[in-house]
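The values are calculated or read from the model by the stated rules, or taken from the named source; none is laboratory data. Everything quoted here is computed from the prediction, not taken from an experiment. Positions of Cβ are generated from backbone atoms using ideal geometry, with glycine treated the same way; all protein chains shown enter the neighbour counts. Accessible surface areas use protein heavy atoms only, side chains included; no ligands, DNA or RNA. Shrake-Rupley method; radii C 1.70, N 1.55, O 1.52, S 1.80 Å.
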Amino acid sequence: MERKISEFIVQRYRLLLVLLAVVTAIFAYQIPKVTVASNITDLLSSKHPYVKLDKEFRNIFGGSNVVLIQVKAKNGSIFDEDLLKKVRHITDQLRFFPGVDRNKVYSLAARKVKHMKVTSWGMESPPIMWPDIPHTQDEMDALKKRVFTDDTIFGKLVSLDGKAALISAEFFPEKIDYRVTFRNLQKLRVEEEDDKAEINIVGDPVIYGTIDSHLSETLTIFGLTILAMLLLLFIYTRSFMFMLLPILSAIISFCWGVGFAGAMGYNIDPLILVVPLLITARTLSHSIQFNERLVEETERFCDKKHAVAETVFALFYPGLSGIVTDAAGILIIAIIPIPLLVKLSYICFFWAMSVVFSVLFFNPVIAMSLPSLGRKATIENECLVHDEGFIDRILAQTAALTATKQRAWTVIGMVMVLLAWSGYLNSRLIIGDAKPGTPILWPDSPYNMDEKSINDHFPGVMNPLLIVMKGKETDVVKEPIVLKAMDDFQRHLSGLTDVGATFSFADLVKSVNMKFFENMPKGSVIPESKRAVGMVSHLMEGSGSEPGDFDKYRDYEYMNSNIAVYLNDRMGTTIENVLKSSQAFIDKCEADKSISNFIHFKLAAGLMGLRASINQEIAKYEVTLLVLALAITAVFCGFFLRSTSAGLVLIIPLFVSNFLVFGYMAFMRIGLNVNTLPVASIAIGIGVDYGIYLISRVKEEYQRVGNLEEAIFNSIRTTGKAITFTALTIVLSVLAWIFSSIKFQAEMGLLLSIVTLFHLAGALIFLPALLTAIKPKFLTNASVTEKSASIKDSNGLMLEANSGYYSNQEASS
Amino acid sequence: MRTYRKSCLLFLAVIVFCSAVAEAETPLSMSSIQNKMCAADLYAVDSCKGHIWATSAGGAVYYSPDLGKSWQLQETGIPNELFSISFTDEMNGWAVGRSGVIVHTADGGRTWLMQRKETPETHANLYKVQFIDNRKGWAIGEWSTIVYTTDGGETWAETSLGEDKILFSMCFIDEKQGWIVGELGTMARTIDGGKTWTKQTPPEKNKSFYGVFFKDRSHGWACGIDGIILRTEDGGTSWQQVPPTSSKENLYDIDLVGNKLWAIGMNGIMVTSENGFDWHIGVEPRLTYQWLMDWVTTEKGEIVIAGAKGTIITSKDTTAWQSNRQIRLCTTDE
């Protein structure tokens, strides 16, 4: 089979070259269609009940795509004509932003924001400030009192210290354009900020706008990273040809991967550009490995055609197996039904699979097309490997760690201790955000400063969780028992330390009822009968209010309502605590027939509900993903190495490394979220390469020296070095991300480096210890078929030539 | 081998160190209802020998052993709003509430027993309770309902002013003499421990009264809607209205501390008077804009005020005030 392929490639290389060029051109043509942008709907799993609930009620109760603008007085209070004018101006401007829901722009200056009062003539609810801003001191004092005594406004639209006012605007998720919105908001900020007022703006649209505004920087770092990789590779190989060919391979793969995204109409989230970067790194190493083998074969045959055919014969099958294993690992990310991850998974799967063409086909074809590969690269003499010293000593020490069975068991024991410790840490791994503020940006970024300022003045307002109350028939919201259940629910919730405040239709009914009780607080209760509630709500809505004024609280049929819960922060644990406690209360209500005959409480909509849905999906699939990734790796490796135990032995260090990575994340308080999850699982692909390099080499060495301990010792000192250099290449180039203005990318860079190092340690310390300790049969099995021999020597992947050099050198010395 | 052992030790040391660091980090916040004052509306507060109890909706009683610094939830096990509470010592207390329920504790609030249930005949809300000792107490409420007991609540006798008026507040100065006030100018006095009542006539007949306080059998004050304050020097036979303050906000409770009278009410208003006739704003700027419902003075002269959304205001001697909802409003432009 491999023979046929290699002959086909060598004979039809011109045709293949044209075909490759055409296909690549077609994909390249699709690239301009790709948008690099973030989109909040990408994060929402369409299957999750919270997302469905939010979708169902978003149009009535308001949803999650909210921008909050704070106008903060630099001196004195917000009750100042100039400052209130700013509030009014911003409110008016927001109403004309593209994609905004004009009925859901709230502020002191909005016409919809009312102040209810009882007068001798009955009930009135005039707008609290609209249309005119107070001019005289008396008018201003009257406004202050209206504000301070109105729970729907004080603490929500005017801060508890009277220093700041808030304007909130909701956008239609399908209509908002983040870039335009962000630009408009920035313009508004510049216009309105002066020596009297500070403007703070927060909201997911602003976060995405901020990320978008850093796009050129992100792409620069992306480019720099690639350059750094190439530079390292050039230093390593000292050959322009060897630098150029991998670039070409990488570019072809890039065209295929990104072109695929364009053809499918996918957008690429700038936050996870790190993942394609990893694939690029692997493309480079596959390409380099091919070239080095080609050089070797050219030496041997002194005939281009023959050498190329021989290289393809040797490398096609193992190369394919490595690529397919990696790609399969990437594809399983798609089991998490979050569109962002599904898209990422498909794009990167295709991208990874394209390496079959960009390396396994392209490299031989280009080798055939070029006059000659040039002089033989002087890898042996000039590469960095040459400096005998530090790294060699370290590797020798490393090898010594697992040299005897007793030591090997000690190492395994230590790893167990580490495992137990990180198991303990894992129990504290936070799903979702681990710190207040957005973890995507640095704590001192303008956005997080804005968020902090708004959270100081309006605790919880940024973190609304909606508990939806679904009625079984119309008018159930007027049932006293239903309103009492809502009231009880709120009291239950407000006892939680994570909850800042709650608000619902029941509060409105109580406050209106109290107003009819001559403002005596002991009348601030849910009325006794449905008729009385009906009267209260009729008066409330019939007295100068307009359609839409009470939309936030109930629907027109009085069938559905909600409880807005304002959380103190948006950390994963906070949301989960509140949801858990809410569920306990809901269970109690469900058991009580007198309540559940009318209504069901449903978790959870609003911004925090959606966030919880993302966190829960991740928590649900975290383990599945890891297990599946390991299982697929084991199956593929077992299949390609023709040994089940080989597959099993390979995945043990992978599992340990991944487990330790989660421990590290818990220790560093990095939350496991939609952005960090794929990195952790894709890193398995890196680890498996290292494991395969080592095992192949050990097998080879064993056949040479006939002693397992010695074989392992030699392998660590030779292939170990190559693995170390590959790992360091990834680490050094990924580290460039540390300088990103986006904290998430910096953290990812660091995390990837750590993951790579853990896998390196897994391959060089733990795997050898395992091999020494259990002496698996597949290593010591002497009967080596021709096929597994070829797998063995080529699965050493990228730096086989080097290891060959070492074994030669050792043999000669 | 030696270096090998060393590195083993080093490894273990690193593990221990890292564990210690991980352990030293602040524990994650735990939700707990026990340690937090619920943000529910507080309708009433009472004290006895340094212990404070406040009542709220959902049958909740909150207990504070340290003058409002920390609170514990005491569940009475009933769903009704509890509108008033009265303790006679640190063990015995009664709370009354919606639909006429009365609950009693004999162990400082750890356990509560229902003394009066809601029935079709007796479901008028009770808004105020006062016990003068462990046996004698009164409760009043809707439909001018008056219930009283002489056996610590084992049995309750019921009477009424005979009209559809809400009674909001009462003040007994001993086991015989007491006054009640209520909706739409309702005022009455008893001199036989509540068996018979004599109606009194305020100068403003249509104003509702929410609070009443008597210093002795002659001198008393009543407060109510729109900031109205009345005073009497003849046990209520004649009431005079005092000059109104600048605030027209409802006043819900009135009490004497030292030689100063205080009244509290709507929107966090607190007014005070030295002579009982000239009243002025007592605390400015306001400590809160939540309504303040009930005022209790402890044996040592400390004050605890309960109000909306879990508001608790305390003071040692009415000169300095603390509020758990301390809101520093920028009412003056700095």
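For the stretch B:236-256, filtering for residues that are in contact (Cβ under 8 Å) with a residue 40 or more places away in the chain and under 21 Å from residue B:165 (Cβ atoms) leaves 7. For the stretch B:183-215, a residue qualifies if it is within 14 Å of chain A (Cβ to nearest Cβ) and either among the hydrophobic types (A, V, I, L, M, F, W, C) or over 15 Å from residue B:239 (Cα atoms) (or both), and the qualifying residues are B:183, B:184, B:209, B:210.
Please count how many residues of the stretch B:233-266 are out of contact with any Leu (no Cβ under 9 Å at 6 or more places or on another chain) and surrounded by fewer than 23 Cβ atoms within 10 Å (Cβ to Cβ). Count: 17. Return the pair list, or none, for Cβ contacts closer than 7 Å from residues in the stretch A:268-297 that are farther than 20 Å from residue A:362 by Cα to residues that are open to solvent by 10 Å² or more (accessible area, probe 1.4 Å) and not in a helix (DSSP H, G or I), at least 6 apart or on different chains. Listed pairs, sorted by first residue: A:268/A:34; A:268/A:36; A:270/A:36; A:271/A:440; A:271/A:675; A:272/A:675.
Are any residues in the stretch A:281-302 open to solvent by 10 Å² or more (accessible area, probe 1.4 Å) and in a helix (DSSP H, G or I), and if so, which ones? A:281, A:282, A:285, A:286, A:289, A:293, A:295, A:296, A:298, A:299, A:300, A:301, listed by residue number. Screening residue B:226 with (1) out of contact with any strand residue (DSSP E or B) (no Cβ under 8 Å at 6 or more places or on another chain); (2) open to solvent by 60 Å² or more (accessible area, probe 1.4 Å); (3) touching a residue at least 40 places away in the same chain (Cβ under 8 Å) gives one miss only, at (3). Inside the stretch A:547-593, residues that are away from every other protein chain (no Cβ under 12 Å), small (Gly, Ala, Ser) and within 15 Å of residue A:603 (Cβ to Cβ) make up a count of 2. Among the residues of the stretch A:492-522, just one is facing chain B (nearest Cβ under 9 Å), polar (S, T, N, Q) and under 27 Å from residue B:207 (Cα atoms), namely A:519. Taken across the stretch A:464-483, residues that are within 12 Å of chain B (Cβ to nearest Cβ) and more than 22 Å from residue A:540 (Cα to Cα) do not occur at all. Going through (1) hydrophobic (A, V, I, L, M, F, W, C); (2) in contact (Cβ under 8 Å) with a residue 60 or more places away in the chain; (3) open to solvent by less than 60 Å² (accessible area, probe 1.4 Å); (4) within 16 Å of residue A:733 (Cβ to Cβ) one by one, residue A:242 falls short only on (4). Every residue in the stretch B:265-313 that is acidic (Asp, Glu) and touching a residue at least 12 places away in the same chain (Cβ under 8 Å), please. Within the stretch B:265-313, B:274, B:278, B:294, B:299, B:302 meet the criteria. If only residues of the stretch A:584-618 that are among the acidic types (Asp, Glu) and part of a helix (DSSP H, G or I) are counted, the one that is farthest from residue A:555 (Cα to Cα) is A:617.
Selection over the stretch B:40-54 of residues that are within 11 Å of another protein chain (Cβ to nearest Cβ) and within 14 Å of residue B:295 (Cα to Cα) gives a count of 3. Against the conditions (1) open to solvent by 40 Å² or more (accessible area, probe 1.4 Å); (2) touching a strand residue (DSSP E or B) at 6+ places or on another chain (Cβ under 9 Å), residue A:313 satisfies every one except (2). The residue list A:72, A:104, A:55, A:112 contains one member that is at pLDDT below 85 and in a strand (DSSP E or B), which is A:104. Checked against (1) open to solvent by less than 30 Å² (accessible area, probe 1.4 Å); (2) within 12 Å of chain B (Cβ to nearest Cβ); (3) closer than 30 Å to residue A:573 by Cα, residue A:526 meets all criteria but (3).
Out of all the residues in the stretch B:173-182, which are crowded, with 22+ Cβ neighbours inside 10 Å and either farther than 21 Å from residue B:240 by Cα or away from chain A (no Cβ under 14 Å) (or both)? Those that are crowded, with 22+ Cβ neighbours inside 10 Å and either farther than 21 Å from residue B:240 by Cα or away from chain A (no Cβ under 14 Å) (or both): B:178, B:179, B:180. For the stretch A:424-436, a residue qualifies if it is more than 12 Å from chain B (Cβ to nearest Cβ) and open to solvent by less than 30 Å² (accessible area, probe 1.4 Å), and the qualifying residues are A:432, A:433.
Would you point out the residue of the stretch A:656-702, among those that are outside any helix (DSSP H, G or I) and β-branched (Val, Ile, Thr), that is nearest to the other protein chains (Cβ to nearest Cβ)?
Filtering the stretch A:656-702 for residues that are outside any helix (DSSP H, G or I) and β-branched (Val, Ile, Thr), the one nearest to the other protein chains (Cβ to nearest Cβ) comes out as A:670.
Listed by first and then second residue, the pairs linking a residue in the stretch A:338-357 that is at negative phi to a residue that is crowded, with 24+ Cβ neighbours inside 10 Å and of a type in the set (Lys, Arg), with Cβ atoms under 9 Å apart and 6 or more places separating them unless they lie on different chains, are A:352/A:282; A:355/A:282. The residue list A:175, A:112, A:145, A:156 contains one member that is within 14 Å of another protein chain (Cβ to nearest Cβ), surrounded by fewer than 23 Cβ atoms within 10 Å (Cβ to Cβ) and in contact (Cβ under 8 Å) with a residue 12 or more places away in the chain, which is A:156.
When the stretch A:657-670 is filtered for residues that are farther than 9 Å from residue A:687 by Cα and either aromatic (Phe, Trp, Tyr) or open to solvent by less than 10 Å² (accessible area, probe 1.4 Å) (or both), the ones remaining, listed by number, are A:658, A:659, A:661, A:662, A:663, A:664, A:665, A:667. Applying the condition of being free of Cβ contacts under 8 Å to residues at least 12 places away in the same chain and of a type in the set (A, V, I, L, M) to the stretch A:405-423 and asking which residue is least open to solvent (accessible area, probe 1.4 Å) yields A:414. Assessment of the stretch A:747-756 against the conditions (at pLDDT 80 or above, surrounded by 23 or more Cβ atoms within 10 Å (Cβ to Cβ), closer than 30 Å to residue A:440 by Cβ and more than 17 Å from the chain's Cα centre (by Cα)) yields at least one matching residue.
Evaluate the stretch B:152-163: report whether one residue or more is of a type in the set (S, T, N, Q), open to solvent by less than 50 Å² (accessible area, probe 1.4 Å), assigned to a strand (DSSP E or B) and within 25 Å of residue B:312 (Cα to Cα). No, every residue in the stretch B:152-163 fails to be of a type in the set (S, T, N, Q), open to solvent by less than 50 Å² (accessible area, probe 1.4 Å), assigned to a strand (DSSP E or B) and within 25 Å of residue B:312 (Cα to Cα). The residues listed here are B:71, B:138, B:143, B:112; of these, the one that is under 22 Å from residue B:168 (Cβ atoms) and buried (at least 18 other Cβ atoms within 10 Å of the Cβ) is B:138.
In this structure, does residue B:166 turn out to be within 14 Å of chain A (Cβ to nearest Cβ), in contact (Cβ under 8 Å) with a residue 24 or more places away in the chain and closer than 25 Å to residue B:219 by Cα?
Criteria met by residue B:166.
When you go through A:561, A:494, A:529 one by one, which is the residue that is under 29 Å from residue B:264 (Cα atoms) and among the small types (Gly, Ala, Ser)? Answer to the selection: A:494.
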